[in-house]
1. Looking at 58, 73, which is the one that is surrounded by 15 or more Cβ atoms within 10 Å (Cβ to Cβ) and in the same structural domain as residue 38 (by TED's automatic domain parsing)?
2. So residue 79 fits all but one of (1) touching a residue at least 12 places away in the same chain (Cβ under 8 Å); (2) closer than 29 Å to residue 36 by Cα; (3) not assigned by TED's automatic domain parsing to the domain that holds residue 31; what number is the exception?
3. Condition test on residue 47, is it out of contact with any helix residue (DSSP H, G or I) (no Cβ under 7 Å at 6 or more places or on another chain), at pLDDT 90 or above and not assigned by TED's automatic domain parsing to the domain that holds residue 161?
4. Quick check, is residue 96 more than 22 Å from residue 162 (Cβ to Cβ) and at pLDDT 95 or above?
5. Pairs, please: C-beta under 8 Å, at least 6 apart or cross-chain, first residue closer than 20 Å to residue 131 by Cβ and in the stretch 95-109, second in a loop (DSSP other than H, G, I, E, B) and modelled with pLDDT of 75 or more?
6. Just give me the residues in the stretch 68-102 being assigned to a loop (DSSP other than H, G, I, E, B) and more than 12 Å from the chain's Cα centre (by Cα), in sequence order.
7. Could you check the stretch 103-128 and list, in sequence order, the residues that are part of a helix (DSSP H, G or I) and within 16 Å of residue 64 (Cα to Cα)?
């Protein structure tokens with residue numbers, strides 16, 4: 001009851017005492033390339049980044065082309081994916097050691113949806129719509145901070161969910 005009378009007040013949380021971020025700092029938080037690009041040293045870093053990019057391309061192009069055929073999509077759509085995913089991650093990602101590629105589980109599930117569609121144009125349009133809706137759902141999960149819900153799933157449940165795709 002002492003806290004009702006004003007005595008023995010709890011210490012203030014530091015979270016509420018920190019200054020508000022400027023719009024540029026917020027932009028740097030959500031688009032990390034704005035943080036590291038000004039300090040990028042072309043002469044020193046570019047040669048290593050070119051070798052890394054060529055290595056990633058040599059691994060990613062065959063993988064994406066084969067996954068697009070698993071999804072019953074034309075192979076050139078796999079090339080689009082191989083080129084687009086790393087570029088988008090370069091803008092919005094923050095990890096320097098992350099591998100960006102499609103997963104075989106997603107390809108199998110998408111292929112099972114697209115397989116019955118006869119017309120190739122309709123199959124491609126449906127695949128694009130599935131990718132768009134998946135992106136919207138993932139964006140909502142991020143904005144609403146729902147990824148914490150996955151922490152409550154046990155390892156066997158997560159393993160069974162992942163194994164069900166194969």
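The values are calculated or read from the model by the stated rules, or taken from the named source; none is laboratory data. All of these numbers come straight from a predicted model, not from anything done at the bench. Neighbour counts are summed over all protein chains in view; Cβ atoms, including those assigned to glycine, are modelled from backbone coordinates with ideal geometry.
1. Numbers: 58 fails: surrounded by 15 or more Cβ atoms within 10 Å (Cβ to Cβ).
After ruling out the rest, the residue left standing is 73.
2. Tallying (1) touching a residue at least 12 places away in the same chain (Cβ under 8 Å); (2) closer than 29 Å to residue 36 by Cα; (3) not assigned by TED's automatic domain parsing to the domain that holds residue 31, residue 79 fails exactly one: (3).
3. Details: out of contact with any helix residue (DSSP H, G or I) (no Cβ under 7 Å at 6 or more places or on another chain): yes; at pLDDT 90 or above: yes; not assigned by TED's automatic domain parsing to the domain that holds residue 161: yes.
The answer is yes for residue 47.
4. no
5. Listed by first residue and then by second, the contacts come to 100/93; 107/71.
6. Selection gives 71, 72, 73, 74, 96, 97.
7. If the condition is that a residue be part of a helix (DSSP H, G or I) and within 16 Å of residue 64 (Cα to Cα), then 104, 105, 106, 107, 108, 109, 110, 111, 124, 127, 128 are the ones that fit.
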